[in-house]
Amino acid sequence: MRRAAIDYRMQRRAVLADVRSGLRSPADVCDAHPDLLRAAIHIGTPTTDDCPMCHDETLTQVTYVFERKGSTRSPGGRAVPREALARQLERFGELTAYAVEVCRRCHWHHLVESYQLVARDEDVNAG
Ligand SMILES: [Zn+2]
């Protein structure tokens, strides 16, 4: 179950507007970390959206998950294939997920959305 989604499209538009007006250089916003690029290549989910920077490649989405706050098992987030989300959720009960779009050609990257995933709603008695 998915809740508390935050959409980052407005911030994305603002970044692209800054680049168009020269406030930020393309190099500034096309600096995806090598780990992110690797994740995009190996476990990313292809989209049909064109890259807003190079217009020469479709974007790939990478999903990062963080376990519920307070967990000491793994403090950092990690990239997981979208197909593995359900399994991760079963294991941890609650996750915060971040979807990041990446261009594998020019290395543009931006946060698309974040959301909470809960294995079951607290209102529901799971028995
Ligand atoms: Zn690109």
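Any idea how many residues of the stretch 78-105 are within 16 Å of the ligand (Cβ to nearest atom) and touching a helix residue (DSSP H, G or I) at 6+ places or on another chain (Cβ under 9 Å)? Working first, answer last.
Of the stretch 78-105, the ones within 16 Å of the ligand (Cβ to nearest atom) are 100-105.
From the residues that got through so far, the ones that are touching a helix residue (DSSP H, G or I) at 6+ places or on another chain (Cβ under 9 Å) too are 100-104.
Here the count works out to 5.
Please verify whether residue 19 is in a helix (DSSP H, G or I), within 16 Å of the ligand (Cβ to nearest atom) and not aromatic (Phe, Trp, Tyr), treating the condition exactly as stated. Step through it out loud before you land on a result.
Working: in a helix (DSSP H, G or I): yes; within 16 Å of the ligand (Cβ to nearest atom): yes; not aromatic (Phe, Trp, Tyr): yes.
In short, yes.
Given (1) modelled with pLDDT of 95 or more; (2) exposed (fewer than 15 other Cβ atoms within 10 Å of the Cβ); (3) near the ligand (Cβ under 10 Å from one of its atoms), where does residue 49 come up short, assuming only one miss?
Condition (3) is where residue 49 drops out.
Name the single residue that is farthest from residue 42 (Cα to Cα) among those in the stretch 86-117 being in a helix (DSSP H, G or I) and in contact with a strand residue (DSSP E or B) (Cβ under 7 Å, 6 or more places away or on another chain). Break it down into steps so the answer makes sense when it comes.
Of the residues in the stretch 86-117, the ones in a helix (DSSP H, G or I) are 86-92.
Add one more test, that the residue is in contact with a strand residue (DSSP E or B) (Cβ under 7 Å, 6 or more places away or on another chain), and what stays is 88-89, 92.
Numbers: 88: 18, 89: 21, 92: 24 Å.
In this case the residue turns out to be 92.
Looking only at the stretch 22-48, count how many residues are outside any helix (DSSP H, G or I) and within 15 Å of the chain's Cα centre (by Cα). Even if it seems obvious, please write down each step before you answer.
Filtering the stretch 22-48 for residues outside any helix (DSSP H, G or I) gives 22-25, 30-33, 44-48.
With within 15 Å of the chain's Cα centre (by Cα) added as a condition, the list becomes 32-33, 44-47.
Of the residues in the stretch 22-48, 6 are outside any helix (DSSP H, G or I) and within 15 Å of the chain's Cα centre (by Cα).
Would you call residue 3 exposed (fewer than 12 other Cβ atoms within 10 Å of the Cβ) and under 12 Å from residue 99 (Cβ atoms)?
Values: exposed (fewer than 12 other Cβ atoms within 10 Å of the Cβ): yes; under 12 Å from residue 99 (Cβ atoms): no.
Spelling it out, it is not the case that residue 3 is exposed (fewer than 12 other Cβ atoms within 10 Å of the Cβ) and under 12 Å from residue 99 (Cβ atoms).
I'd like the residue in the stretch 6-32 that is under 17 Å from residue 98 (Cα atoms) and in contact (Cβ under 8 Å) with a residue 40 or more places away in the chain and, out of all such residues, is surrounded by the most Cβ atoms within 10 Å (Cβ to Cβ). Can you show your working first?
We begin by selecting, within the stretch 6-32, every residue under 17 Å from residue 98 (Cα atoms); these are 6-12, 32.
Next, from what is left, pick out any that are in contact (Cβ under 8 Å) with a residue 40 or more places away in the chain: 6-9, 11-12, 32.
Values: 6: 11, 7: 12, 8: 18, 9: 11, 11: 11, 12: 16, 32: 22.
Here the residue is 32.
The values are calculated or read from the model by the stated rules, or taken from the named source; none is laboratory data. Because the structure is a prediction, the values reported are computed rather than measured. Reconstructed Cβ throughout: ideal geometry from the backbone, glycine too, with neighbour counts over all protein chains shown.
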